[in-house]
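Here's the structure, in structure tokens; my notes come after.
What follows is calculated from the coordinates using simple rules that are stated; it is not laboratory data. Values in this document were obtained by computation on a predicted structure and should not be read as measured data. Glycine also receives a Cβ, built like all others from the backbone with ideal geometry; neighbour counts cover every protein chain displayed.
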Amino acid sequence: MKSMYRSTDDLIHVVPLNDLREHETSIACWCHPTPDEEEPCVIIHNALDQREKYESGELREH
Ligand SMILES: [Zn+2]
């Protein structure tokens, strides 16, 4: 399940709900969000439980 937020720079962030870690509505989010291929103003965030897709060594706990 996902939720959508509009950030101050007018991008739409699609963020996984109930993820293990809170997301920022920013392209600088810890999950390395990427723009949607068809809608570049839509930023897709990655769930923490899919972290094998990218390097997790720099992730920090709160
Ligand atoms: Zn994120």
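Give, in nm to one decimal, the length gained when the segment between ARG6 and VAL42 is fully stretched (0.36 nm per residue of separation minus the Cα-Cα distance).
Details: separation 36, 0.36 × 36 = 12.96 nm, distance 0.92 nm.
My answer for the length gained is 12.0 nm.
Using label points projected 7 Å from each Cα along Cα→Cβ, tell me how many nm separate LEU17 and ASP49, to one decimal.
Label-label distance for LEU17 and ASP49, simple model: 1.4 nm.
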